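A.B. asks: Got a structure here, written out as structure tokens. Questions coming.
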Amino acid sequence: MEQVGRPVRRKEGRAKVTGEALYVDDVTQAGMLHGVTVRSSIPRGRITAVRFDPAVDWSEYVVVTAADIPGRNVVKLIADDQPYLASDRVNHPEEPIVLIAHADRARADDAARRVTVEYEPLPPVLSIDDSLARRDVIWGEDNIFKSYSVAKGDVDAAFGSEGAVIVEGVYETGAQEQLYIEPMGMLAVASPRHGVTVWGSMQCPYYVHTALAGLFKMPAERIRVVQMETGGGFGGKEEYPSVIAGHAALLAWKAGRPVKMIYGRAEDMAATTKRHPSRTRHRTAVTRDGRLLAMDIDFTIDGGAYCTLSPVVLSRGTIHAAGPYSCPNVRVRGRAVATNVPPHGAFRGFGAPQSIFALERQMDNVAAAVGLSPEAFRRRNFIKPGDTLAVGQTIKEPVDMGALLDHAFTVSEYHEKAARFARENPARQVKKGIGFATFMHGAGFTGSGEVHLQSVVTVEGTPEGTVRVLAASTEIGQGTNTIFSQIAAEALGIECDDVDIVQPDTSVVPNSGPTVASRTCMVVGKLVESAALGVKHALIDAGYLAASYSRGEFLSACKRYVSAFGAVRASSQYQPQGGLKWDDEKYVGDAYGTYAWAAYVAEVSVDLTTWEIHVDDFVAVQEVGRVINPTLATGQIEGGVAQAVGWALYEDVVWKDGRMANAQMTNYIMPTSMDLPAIRVFFEEMPYRYGPAGAKGIGELPMDGPAPAIFNAVAQATGTNPARLPLTPERLMMMMEKPVD
């Protein structure tokens, strides 16, 4: 029986629903201490003193400051700018300064409140505009972490074309908290003699491994990182686990005892990374009959106080800023700026949702300016095979955006509803609207990213005749363990239950790269498939297995081979897809091996009494190559749409002097099941030859399209032009009651 394309049960499902699965906070060790953090209370300043209350017997506590760090006081990632512990200055509220551990968590918390940090405050920079205007904050002379430029054709000449219609717009997006169910947590043991081992909740074990090696100035083989069951990540557990792992390990190093650190919800929300706020300026030139002539796009994201992953987020947002449209002249300028708020970082879609939101709102506005419907304008400008994207990449796959839009319109009854709402809205206090967005998302790392990673996966036979998959890719709720089992089983002609997925542990599994960027199924899954085929051919070449065989014959052959020779295993390392060329300096070429393509339709109600917006129906149509597991794939789309509804309408991070002022779930409002519509998911399948069984990446795509589809629906319902998300009732009220000049 084929394993790919079936809704097989989750590998870890039973353990999770029965409570057998162990999360880091379920684990204790003899003599374990609990660690807590003393954090900065101001956005920017020099530390003048750290005072410990003399009424406390500090000999009962383990106290760590920057002076106790045995290696480099740097969180190793892209730029060496973020310290593990601030020593002389702070650059954002909640910056770690002192670590404290005690056997009693309550006493550790109390001790942290008895530490006083004194500062010489410095003027903070708290907005994108402020950062661009000033030159004295954190990063060099211009406060810019990274900038990119994409250029195609002659934009200036196109804007000077006779008869060109010019449309301008500015669009803003706010921060968003990942709000995973399980907060950050790590357990560490560390000593000069035995090295450092951490267990915890994370997406990228080898990120943590690299960071700890530098922190302790220790050879890689003396560092061990083990991923425990992880209760969600969404990008939030990509880079930040390196920080909390380092803190727990530093306390354990000094204490000579195990140390566990588990953040409370308020600390997790206030101190960890969030989606980058953004501002996008669009200037678009079109012919009077609606043909795109030029796009001039300025895309800026707020990186916060340290670089973290801002260059990666900026890169994807810049590349996706011009979308799935054929335009002969494009200029995109992207920059990530420094501010004195906690560093922003990875979040599902990382950059693409921000720039696609702006683009899809702009496309509706451009259509209106030339007297076309949003549909007619897009159909006139959709990318087709043989056309080139903004980065100069020629589309070679058989993409048909018009067909995806047809499918979405049919199942959503778009035309019928749009006509009915237009007739009925004048008499309604609750206005109805329907809008859509069309977009694409590049699967895998950008350009040379995968070549740089050189990811490796190993598959091996066991003495019982089953097989094991060894990879560092993590199960964080999205189904990695299940789809890897399906891919390996399909390649070997066995069943999913015959495949075990080894717990990610850097002392055991090879580095298959981080669990990010919609790469796990497509890129790492392909390595699983290749390594599994390597095991199969090893058995055939050794004469233990015929070219054609049954499941039972494979299991028997594997068992006999392992009994005779001790091991049968094969590894597969990433090899770049032939024919792809990317220039990292000029930022032109084949940005991604493939793209997923989509058309989303949102139906909304807008109550002009309460100013509430409710999404009543949502249709998501996407082409994602071969679907490995229909249930898991549908869940990915539903979950991404739900998060994007929250980002669009509800989740408003309120900043006060650089600190998140609403860091609790009573006033950071996210949508519940009662706030969400039926999310109807449809797949088009065009297998991708370089993906396992033809699969593409899927996890981030559904974050990109819902917000602009919802906003376009609100614009249709109200006759307004919303351009800033989240569109809370307060913002909608102010926008609609603002006097017209």
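Coordinate-derived values only; no laboratory data. Worth saying up front: this structure is predicted, and the values here are computed from it rather than measured. Cβ atoms come from the backbone with ideal geometry, glycine included; neighbour counts cover every protein chain shown.
A.B. asks: Among HIS276, HIS194, HIS537, HIS34, what is the fewest-to-most ranking by other Cβ atoms within 10 Å?
C.D. replies: HIS194, HIS537, HIS34, HIS276
A.B. asks: Shifting gears a bit: Just subtract the alpha-carbon distance of ASP110 and SER563 from 0.36 nm times their residue separation and send over the number in nm, one decimal.
C.D. replies: Between ASP110 and SER563, full extension yields 157.3 nm more.
A.B. asks: Grab the eigenvalues of the alpha-carbon gyration tensor for the stretch 499-545, scale each by 5, take roots, and send me the semi-axes largest first in whole angstrom.
C.D. replies: Whole-Å semi-axes of the equivalent ellipsoid: 25, 14, 8.
A.B. asks: Name the shape class, rounded, prolate or oblate, that the alpha-carbon gyration tensor gives for the stretch 295-431, where a ≥ b ≥ c are the square roots of its eigenvalues, rounded holds for a/c under 1.5, and otherwise prolate holds if a/b is larger than b/c and oblate otherwise.
C.D. replies: Verdict is oblate for the stretch 295-431.
A.B. asks: For the stretch 308-439, with the dipole built from +1 on Lys and Arg beta-carbon atoms and -1 on Asp and Glu ones, taken about the Cα centre, which of LEU309, MET363, VAL411 lies farthest toward the positive end?
C.D. replies: LEU309
A.B. asks: Check which residues have an amide H placed less than 5 Å from ARG724's amide H, if you skip close sequence neighbours.
C.D. replies: Amide H neighbours of ARG724, under 5 Å, 5+ apart: GLU172.
A.B. asks: For the pair LYS217 and ASP156, what calculated FRET efficiency results from E = 1/(1 + (r/R0)^6), where r is the Cβ-Cβ distance and R0 = 51 Å, to the nearest 0.05?
C.D. replies: Result of the calculation: an efficiency of 0.45.
A.B. asks: Please report, in cubic angstrom per residue, the volume enclosed by the convex hull of the alpha-carbon atoms of the chain.
C.D. replies: Convex hull volume per residue, Cα atoms: 168 Å³.
A.B. asks: Along each of the three principal axes of the Cα atoms of the stretch 629-678, give the extent in whole Å, ordering the values from largest to smallest.
C.D. replies: Principal extents (Cα only, largest first): 46, 21, 16 Å.
A.B. asks: Ratio of Rg to Rh for the stretch 386-426, alpha carbon only, Kirkwood?
C.D. replies: Here the Rg-to-Rh quotient is 1.28.
A.B. asks: What's log10 of I(q)/I(0) for the stretch 1-83 at q = 0.17, 0.27 Å⁻¹, Debye sum over Cα points only, no solvent?
C.D. replies: Values returned for q = 0.17, 0.27 Å⁻¹ are -1.03, -1.40.
A.B. asks: Putting +1 on Lys and Arg Cβ atoms and -1 on Asp and Glu Cβ atoms, find which of SER87, MET1, LEU122 reaches farthest to the positive end of the dipole of the stretch 1-158.
C.D. replies: Positive-end residue among those listed: MET1.
A.B. asks: Could you derive backbone 3J(HN,Hα) for the stretch 280-295 from the dihedral phi with the Karplus parameters 6.51, -1.76 and 1.60 (θ = phi - 60°), listing whole Hz in sequence and x where the residue is Gly or Pro?
C.D. replies: Listing the rounded values in order: 10, 9, 10, 9, 10, 10, 9, 6, 5, 9, x, 9, 5, 9, 7, 10 Hz.
A.B. asks: Output the peptides 183-191, 634-642, 364-372 sorted from most to least packed, where packing is the average of other Cβ atoms within 10 Å over each peptide's residues.
C.D. replies: In descending order of packing, they fall as 183-191, 634-642, 364-372.
A.B. asks: Can I get the semi-axes of the stretch 608-741's equivalent ellipsoid? Compute them from the C-alpha gyration tensor as square roots of 5 times the eigenvalues, in angstrom, largest first.
C.D. replies: 33, 18, 13
A.B. asks: Sticking with this structure for a sec: Please list log₁₀ I(q)/I(0) at q = 0.09, 0.15, 0.22, 0.23 Å⁻¹ for the stretch 364-484, using the Debye equation with identical point scatterers on the alpha-carbon positions.
C.D. replies: Here log10 of I(q) over I(0) equals -0.53, -0.94, -1.31, -1.36.
A.B. asks: Among 92-98, 491-497, 216-222, how do they line up from the highest to the lowest mean number of other beta-carbon atoms within 10 Å?
C.D. replies: 92-98, 491-497, 216-222
A.B. asks: So, one more: Percent of Cα-Cα pairs per 5 Å bin, from 0 to the last occupied bin, for the stretch 160-258, please list those.
C.D. replies: P(r) over the stretch 160-258, rounded to whole percents: 2, 13, 21, 17, 12, 7, 5, 4, 3, 3, 4, 3, 3, 1, 1, 0.
A.B. asks: Give the shape of the stretch 540-609 as rounded, prolate or oblate, defined through the alpha-carbon gyration tensor: a ≥ b ≥ c are the square roots of its eigenvalues, a/c under 1.5 means rounded, and otherwise the shape is prolate if a/b is larger than b/c and oblate if not.
C.D. replies: Oblate, since a/c reaches 1.5 and b/c is not below a/b.
A.B. asks: Could you work out, for the stretch 681-741, what percent of all Cα-Cα pairs fall into each 5 Å distance bin, beginning at 0 Å and stopping at the bin that holds the largest distance?
C.D. replies: 4, 13, 18, 16, 10, 9, 8, 8, 6, 4, 2, 1
A.B. asks: Over the Cα atoms of the stretch 446-577, what Rg and Dmax result, in angstrom?
C.D. replies: Rg, Dmax (Cα atoms, Å): 14.5, 44.
A.B. asks: What ratio of Cα Rg to 2.2 N^0.38 Å holds for the stretch 66-206?
C.D. replies: Cα Rg divided by the expected 2.2 N^0.38 Å: 1.59.
A.B. asks: Separate question: So if I average 1/r over every pair of distinct C-alpha atoms in the stretch 653-712 and take the inverse, what Kirkwood radius in Å does that give?
C.D. replies: 15.7
A.B. asks: Next question. Report ³J(HN,Hα) in whole Hz for each residue of the stretch 197-206, in order, from the Karplus equation J = 6.51 cos²θ - 1.76 cosθ + 1.60 where θ = phi - 60°; Gly and Pro get x.
C.D. replies: Here the 3J(HN,Hα) series is 10, 10, 10, x, 8, 7, 9, 9, x, 6 Hz.
A.B. asks: Along the charge dipole of the chain, which of THR287, ALA21, ALA599 sits closest to the positive end, that is, farthest toward it, with unit charges on the beta carbon of Lys, Arg, Asp and Glu (+1, +1, -1, -1)?
C.D. replies: ALA21
A.B. asks: I'm checking a number: the convex hull volume of the Cα atoms of the stretch 1-146, normalised per residue, in Å³. What is it?
C.D. replies: 234
A.B. asks: If you bin every alpha carbon distance in the stretch 361-429 into 5 Å steps from zero, what whole percent lands in each bin?
C.D. replies: Bins of 5 Å from zero give 3, 13, 16, 19, 21, 13, 6, 4, 3, 2 percent of pairs.
A.B. asks: Further question on the same structure: Magnitude of the Cβ-charge dipole of the stretch 257-327, K/R +1 and D/E -1, about the Cα centre, nearest 20 debye?
C.D. replies: Magnitude of the dipole: close to 180 debye.
A.B. asks: Read phi for every residue in the stretch 530-544 and hand back ³J(HN,Hα) as whole Hz from Karplus 6.51 cos²θ - 1.76 cosθ + 1.60, θ = phi - 60°, with x for Gly and Pro.
C.D. replies: So the J values, rounded to whole Hz, are 5, 5, 5, 5, x, 5, 4, 5, 4, 5, 5, 5, 7, x, 8.
A.B. asks: Would you mind calculating the relative contact order of the chain from Cα pairs under 8 angstrom and at least 6 residues apart, reporting the percent as a whole number?
C.D. replies: Across the chain, relative contact order equals 16 percent.
A.B. asks: With an 8 Å Cα cut-off and a minimum separation of 6 or more residues, compute the relative contact order for the stretch 260-389 in percent.
C.D. replies: Relative contact order, the stretch 260-389: 30 percent.
A.B. asks: Beyond 20 Å, what share of the Cα-Cα pairs of the stretch 325-391 remains, rounded to the nearest whole percent?
C.D. replies: Tail fraction, whole percent: 46.
A.B. asks: Could you please rank PHE683, PHE618, placing first whichever residue has the fewest other Cβ atoms within 10 Å of its Cβ?
C.D. replies: The fewest-first ordering by Cβ neighbours comes to PHE683, PHE618.
A.B. asks: At q = 0.09, 0.19, 0.23 Å⁻¹, what log₁₀ I(q)/I(0) does a Debye calculation on the Cα points of the stretch 212-336 give, no solvent, two decimals?
C.D. replies: The Debye formula, applied to the Cα set alone, gives -0.45, -1.11, -1.35.
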